[in-house]
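What follows is a short report on a single structure.
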Amino acid sequence: MKSDSVKKGIERAPHRSLFKSMGYTDAEIKKPLIGIANSANSIIPGHIHLDKITEAVRAGVYMAGGTPVEFGVIGVCDGIAMNHTGMKYSLASRELIADSIEVMATAHAFDALVMVPNCDKIVPGMLMAAARMDIPAIIVSGGPMLAGRHPERDEKVDLITVFESVGAVLSGKMTQDQLAAIEDAACPTCGSCAGMFTANSMNCLTEAIGMGLPGNGTIPAVMAARIRLAKEAGMQIMTLFEKQITPRKIMTEKAFRNALTADMALGCSTNTVLHLTAIAKEARVEMNLDLINEISKATPHLCSLSPGGKDHLEDLDRAGGITAVIKELSRSDLIDTDCITVTGTTVGDNIKNVRILDKEVIRTVEDPYHKEGGLAVLFGNLAPEGCVVKQVAVLDEMLCHEGPARVFESEEDASRAIMDSKINKGDVIVIRYEGPKGGPGMREMLSPTSAIAGMKLDAHVALLTDGRFSGGTRGASIGHISPEAMQGGPVAIVLEGDMIAIDIPAKKITLNVPEEEIRERLSKLSPPDPKITHGYMARYAKAVSSASDGAVVA
């Protein structure tokens, strides 16, 4: 056991003495030490209840013969961090989470890890740590929030409804009293926000890649089944330890293809591109943006989930969950069913007795919502290394669009112009210097995209950025433009009024300016001074890679 290095032999008497000072008995010290990475806090709705999930994990570890050792992990609520300086720190927190787990697990010689995340950057940060450490590990999330009920209509609402309602108020389509009623109704329980936004996307893909037990992605936070799942995860880590089934044996190249296939069928967040790329690097698996288009073209879009559709995670769970989606995809040989998972058995074994329970929530491969998958990567002279769009959340009339550039040097400037009704139908909004280095931190831009949707401009206006979007964004919102402006990418030389052509079906994005003029503009380009010059984000900006490379810190 790895933990023998901190507890076995006469020379480890001081170490055992420290364990005993905390109340551990000799019997507990002799057992495998199972680290529990607990990201509970009282600032994230998806994490406020994780103390109860962790308590259940501890019980499961004890029941199966291990000694649970809990430690804390930070987390950022993207919704609360949205649209101010705090959002610069969100993506960057992913690296801190991975690094801190590596530190804790190595310093204390844990034999295995159970990781308890729920929201946006905490899930991929923990998966990165699992792949990097490659000791037996299992993820058990806190589960999704239930959707709210609209105060005036018989329909569901969620956090994105609130963001979009702000735009509706500003454009005179809604009163402030109506907004207040929606604000009160939209987030009725703890849990990760109710739609297929980034947090739930990553929790579902954790299950699809094999690192979470069946149900991890969809069982609602408030259900007793979530507590039972946590106990099962605590017990199952002991099986993984005994059999030495480690993350890199699970997260293989074929498993990443399975995850990407599920991603396309579910219509997940564009942020999964960043996170899966980063996790693949830690797992030593090659993954490039061309693979996303290849898998998306072959994979039907089976689920219409908020923000692009009417359903929520509670509906997906009721309809059969991720295992039912995978079972349906396997009928067309789109899933490698031989991949091993944290169940200790294969994907094929896990889905053997599963079926779809509601064929409107999970469509069949013969009757999909769209013939192609949720995401698309566009390439062209504006984005030589690619950019990403959730194509299933784009209105048909905006799949192909050409319009004049409206150029902004920050999210705040663009938001002000949108809120002040200075954006015209047909415009292509360009927000730059918001990438991993230029932001720094590659902020999500849910506020401007929600305002566009709330003002009913999403059928007329596109938004491009070297930053990124919330999983809750819909419309022709194209992010992750690479290289970013701060790296001297072509997005830095776009001028007000330049014509930009978007062709999502053809996977193309074009700045309609002669190549000679583009080269001349680039030759004269001088990057601005960094926006943050001290502290963590200043160090992060110097070390972080391009979005096309996962925005990782080497």
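The values are calculated or read from the model by the stated rules, or taken from the named source; none is laboratory data. What you see is a predicted model; the values in this text were computed from it and never measured. Cβ coordinates were reconstructed from backbone atoms using ideal geometry, including for glycine residues, and neighbour counts include every protein chain displayed. These area figures cover heavy atoms from the full protein model, side chains too; ligands, DNA and RNA do not enter into them. Shrake-Rupley method; radii C 1.70, N 1.55, O 1.52, S 1.80 Å.
Selection among I532, S304, I351 by position relative to the dipole of the chain gives I351 as farthest towards the positive end (Cβ unit charges, Cα centre).
Our coupling estimate for region 250-267, obtained by passing each phi through the Karplus curve with A = 6.51, B = -1.76, C = 1.60 and θ = phi - 60°, is 8, 7, 8, 4, 5, 5, 5, 5, 4, 5, 5, 5, 4, 3, 5, 5, 7, x Hz, Gly and Pro reported as x.
Based on C-alpha pairs under 8 angstrom that are at least 6 apart in sequence, region 19-131 has a relative contact order of 35 percent. For H370, the residues whose modelled amide H falls within less than 5 Å of its own, excluding neighbours fewer than 5 places apart on the same chain, are H301.
For the chain, the relative contact order works out to 14 percent when only alpha carbon pairs closer than 8 Å and six or more residues apart are counted. Principal-axis analysis of the Cα atoms of the chain puts helix 198-209 at an angle of about 50° to the longest axis.
For the chain, what is the accessible area per residue in Å² when the probe is 1.4 Å? Could you put the intermediate results ahead of the total?
On the way: 20340 Å² over 554 residues.
About 37 Å² of surface per residue is accessible.
Listed values for region 440-452 are Karplus-derived 3J(HN,Hα) couplings in whole Hz (6.51 cos²θ - 1.76 cosθ + 1.60, θ = phi - 60°), namely x, x, 6, 4, 6, 10, 6, 5, x, 5, 5, 5, 4, and x replaces Gly and Pro.
Axis angle, to the nearest 10 degrees, between helix 90-107 and the longest C-alpha principal axis of the chain: 20 degrees.
In order along region 273-280, the phi-based Karplus estimate (6.51 cos²θ - 1.76 cosθ + 1.60, θ = phi - 60°) of 3J(HN,Hα) comes to 4, 4, 6, 5, 4, 5, 5, 4 Hz; Gly and Pro are listed as x.
Take every pair of alpha-carbon atoms less than 8 Å apart whose residues are at least six positions apart; their mean separation over the length of region 216-375 yields a relative contact order of 33 percent.
How many angstrom lie between the Cα centre of region 361-426 and the Cα centre of region 77-124? Computed from Cα coordinates, the inter-centre distance equals 29 Å.
How large is the dipole of the chain about the Cα centre if only Lys and Arg carry +1 and Asp and Glu carry -1, each at its Cβ, rounded to the nearest 20 debye? Numbers along the way, then the final one.
Values: 57 positive and 69 negative charges, 332 e Å.
Using Cβ point charges on Lys, Arg, Asp and Glu, the chain gives about 1600 debye.
Around the amide H of T189, modelled in the peptide plane, lie the amide H atoms of L146, all under 5 Å away and 5 or more residues distant in sequence or on another chain.
Here Cα Rg over 2.2 N^0.38 Å was computed from the coordinates, and among [x] 0.96; [y] 1.01; [z] 1.14 the match is [x]. Close amide H pairs (under 5 Å, H built 1.01 Å from N) link G386 with G380, S482, residues at least 5 positions away or on another chain. As a rough guide to protection, the peptides 227-237, 268-278 ranked by mean Cβ packing within 10 Å, highest first, stand as 268-278, 227-237. Restricting attention to the chain, close to 45% of DSSP beta bridges with both partner residues there are antiparallel.
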